[in-house]
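Structure, as structure tokens:
The numbers here are math on the coordinates, done by the rules we state, and not lab data. Small disclaimer: the values here were computed from a predicted structure and weren't measured. Cβ: placed from backbone, ideal geometry, glycine included. Neighbour counts: every protein chain shown.
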Amino acid sequence: MSKHTLKKSFESGDLNGFKVGGRCHVSVSIPTPNGTLQARSGLFFAVIDDPSMANQDGVRLPGPPPVLKTRNYRKTGTDGLMTIGVNGAMLALNHVQVAKNATIRFWWAFIGKDKREGCNDFALFEIVDEDNNILHRRWLCETRFSLFESWTVFQHVNDFEGTVNLRWVSSNGRTAIDEDEVEQAFHRTYPCTLLLDAIEII
Ligand SMILES: [Ca+2]
Ligand SMILES: [Ca+2]
């Protein structure tokens with residue numbers, strides 16, 4: 001067992017200890033296309049971006065809290081399609097001590113609503129150092145591939161020794177030919193949701 005271990009399962013019923021960007025909360029259940037989903041561990045789980053804070057046309061209801069701008073998140077898929085973040089939400093655990101070869105593990109689920117042309121909503125996880133250098137980033141789900149994923153385990157063996165920030169992001173995304181293409185109002189609608197539970201560093 002590594003010298004720095006951590007367990008977070010949201011069983012306090014709040015997000016104390018996490019940095020929150022945008023609309024995040026804890027819940028005991030959430031509706032999905034496959035019925036009601038409950039926590040993977042214990043009673044509570046985190047909901048990153050809030051699907052209940054949008055109307056039936058997918059338009060976000062006014063805050064507070066404000067949504068988080070996510071346009072710094074982008075990637076080009078193996079098929080050449082570029083995806084650029086629009087807005088969403090983020091949960092972070094900052095200043096986490098990790099030992100080299102520690103295993104970072106958590107359970108995630110994804111609920112997306114957007115299969116429209118020009119949209120690719122997504123969820124990702126990243127590990128950054130204290131200077132914001134990306135040590136590891138994994139795109140967990142994209143709506144162009146899947147609109148719903150039930151609880152799935154993520155595991156990563158860390159190869160960095162020191163202090164890191166762990167971030168989970170849920171984001172509206174748009175697809176673009178080039179980065180100068182302008183975001184449209186419809187890119188900000190039908191936000192997706194990332195669910196998170198049972199975070200462990202062992
Ligand atoms: Ca839990
Ligand atoms: Ca969307």
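Here Thr36 and Asp159 are evaluated by their C-beta separation; at R0 = 45 Å the FRET efficiency comes out at 0.70. Take the Cα of Arg105, go 7 Å toward its beta carbon, and the backbone nitrogen atoms of the range 171-202 under 15 Å from that spot belong to 197-202. Among Phe10, Phe145, sorting on how many other beta-carbon atoms sit within 10 Å of each Cβ, with the fewest leading, yields Phe145, Phe10. Farthest towards the positive end of the charge dipole of the chain, among the residues Phe110, Ile202, Leu93, is the Cα of Ile202, using unit charges on the Cβ of Lys, Arg, Asp and Glu.
Most fluctuating residue of Ala89, Ala185, Ala123 in a GNM of the chain with Cα springs under 10 Å: which is it? Result: Ala185 has the largest fluctuation of those listed. In the range 6-201, Cα pairs under 8 Å separated by at least six residues give a relative contact order of 31 percent. Peptides 189-199, 96-106, 76-86, ordered by how many other C-beta atoms sit within 10 Å of their residues on average, highest first, read 189-199, 96-106, 76-86. Rg/Rh, computed from the Cα trace of the chain with Rh as the Kirkwood radius, has the value 0.96. Restriction of the GluC sites (Glu not before Pro) in the range 133-202 to DSSP coil positions whose beta-carbon has at most 10 other beta-carbons within 10 angstrom yields Glu179.
In this structure, the pairs whose alpha-carbon distance is over 23 Å, taken from Lys7/Lys69; Lys69/Lys115; Lys69/Lys100; Lys69/Lys113; Lys8/Lys75, are Lys7/Lys69; Lys69/Lys100; Lys8/Lys75.
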